[in-house]
Every structure is written in C-alpha cells, then in structure tokens.
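One structure is given below, encoded as structure tokens.
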Amino acid sequence: MSAEQDRRKQFAADLAADRIEPGMIVGLGTGSTADLVTRRLAERVAEGFPVTGVPTSSKTAALAGSLGIPLMDLQHVDHIDLTIDGADEIQPGTLFALKGAGGALLREKLVAHDSTTVLLVIDDTKIVDQIGSRFSVPVEVVQFGWRIPARELQRLGATIELRTGADTQAPFVTDNDNYVLDACFGPIEDPMALSHLIKEITGVIEHGLFVGVVDEVIVGDHGGARILPLDST
C-alpha cells in the first residue's frame, strides 16, 4: 500500500470520525481504513469524549480495547446509532458494497443491520463500475460439508476457492468458527438477485454483498474527502 493511498484513507477516516457525537453507540468496523477511524476516535476518548464502541471482530475489539475505547457486545446494546466501516468495492449510484476480505463479514453485517446509520469509508481505488470487478464475493459457510454450498455456488456461475490462512494452507476460520469460500463471479449484473440466491443455499451463513444496507459513503482522494453522491457515475 502506497503512502498516497494511506493519506487518502486518512482523509476519509478523519471526516467520518467527525460524524460521531457525544454519547453515541458506534459500530467499529474491521479493516485498514476502519482502523484509522478507531484510532482517531480513541484520541477523542482520551480527551474525555463519551462514546461506546461495538466491535465487528475480535481484531477490532483488541485494537479498540488497547486504545481505551469503552466497548460493549452487540448482544448487550438496544441499538447502534452509527456504524463506520470500510469496504473492498463500492458501486456508485447504488451504494452496493462488497465486503469481507478480512473475514468479518457476518459480524459486520449484523452490526450494520442493527444501526440507524451505516457509513462506509474508502479511498477512491475502491470505486468500481460493477461489484465483483476486482474481488470475489466472500461467502461464510459452516465447516461441516462445506463442499456442498461450494458446489451450489459453482452452479450459480462462480469459481470457488476455500480461503486459507495468511501463513498456512489450513482453512481460514472466522470469529464464528466458520469457513470462507471466495466466490468469483466477475462483474455482477444484479447484486440484489445474487444476494438472495446465495442466502438460499443450505450451509451458507452470510455473504459479503451489502445491498440496501449502506446509507452513505465517504471517499478519500488526492484532494481530501467527499461524500459519494447517489447519482454518481
């Protein structure tokens, strides 16, 4: 990752962190850009800013906890005011998002669905004409009989890879003790329809297509940060 891309991510993270108001319950996303938001929020907490974070992964929980952000489990909050998370791809105009490269897709989606507002922060390299142009769709599946949902995803037209750990050939295991299948469909014409088809497969827990979930996207580019308009092309 280049220093310039880091700078663009920081632009977006800074603007997003400014959206957090005192007393909010905030969903803390997972990934490099979301981590920048968490770190910025921690600076404010250290100055006495009152906020409660709900982490979307064990990794995020460890980071936020080490930085002194008060945390609660999703099960123990009535609602989340604002979730700030990253994304692997964003399709402008529709705000369709693809997430899950870090393997936290299930918890990310649960936190998002419990949130009044879902705000994604990205740098401009994450904008694509169609979802699936650069990344496969992560699909979280049960370990038992995982080849069965893999076969069904192939029938939908995907090329499948069982995700492995970064430094091992052993299967990657999520925080929920599940596997992840990376399903390469290529550019997806109808993410909404594909979203429903994948969820109908027995053995599928969740997938990384965030369709109808996102409320707003902040993009960092060479000039700073901006809101991605709904009519953007």
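The values are calculated or read from the model by the stated rules, or taken from the named source; none is laboratory data. Because the structure is a prediction, the values reported are computed rather than measured. A quick note on method: Cβ atoms are made from the backbone with ideal geometry, for glycine too, and the neighbour counts reach across all protein chains shown.
Scanning segment 71-95 for residues that are modelled with pLDDT of 95 or more, surrounded by 17 or more Cβ atoms within 10 Å (Cβ to Cβ) and of a type in the set (A, V, I, L, M, F, W, C), which turns out nearest to the chain's Cα centre (by Cα)?
Only one residue tops the list, namely Ala87.
Please verify whether segment 138-160 includes one or more residues that are modelled with pLDDT under 95, more than 14 Å from the chain's Cα centre (by Cα) and not assigned by TED's automatic domain parsing to the domain that holds Thr38.
No, every residue in segment 138-160 fails to be modelled with pLDDT under 95, more than 14 Å from the chain's Cα centre (by Cα) and not assigned by TED's automatic domain parsing to the domain that holds Thr38.
I'm checking my understanding of the structure. Among residues of segment 71-88 that are not in a strand (DSSP E or B) and either not assigned by TED's automatic domain parsing to the domain that holds Ile20 or not hydrophobic (A, V, I, L, M, F, W, C) (or both), which one is nearest to Lys99 (Cα to Cα)?
Asp88
Residue-by-condition table, conditions (1) under 21 Å from Ile127 (Cβ atoms); (2) within 19 Å of the chain's Cα centre (by Cα):
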residue: Thr174; (1), (2): no, yes
residue: Asn178; (1), (2): no, yes
residue: Ala183; (1), (2): no, yes
residue: Asp190; (1), (2): yes, no
residue: Glu200; (1), (2): no, no
residue: Glu206; (1), (2): no, yes
residue: Val211; (1), (2): yes, yes
residue: Gly224; (1), (2): yes, no
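Filter segment 123-181 down to residues that are in contact (Cβ under 8 Å) with a residue 60 or more places away in the chain and among the hydroxyl-bearing types (Ser, Thr, Tyr), then give me how many there are.
Number of matching residues: 2.
For Val214, only one of the following conditions fails: (1) part of a loop (DSSP other than H, G, I, E, B); (2) without any contact (Cβ under 8 Å) to a residue 60 or more places away in the chain. What is its number?
Every listed condition holds for Val214 apart from (2).
Looking at (1) touching a helix residue (DSSP H, G or I) at 6+ places or on another chain (Cβ under 7 Å); (2) over 30 Å from Ser133 (Cα atoms), which is the one condition that is false for Gly65?
(1) is the only condition that Gly65 fails.
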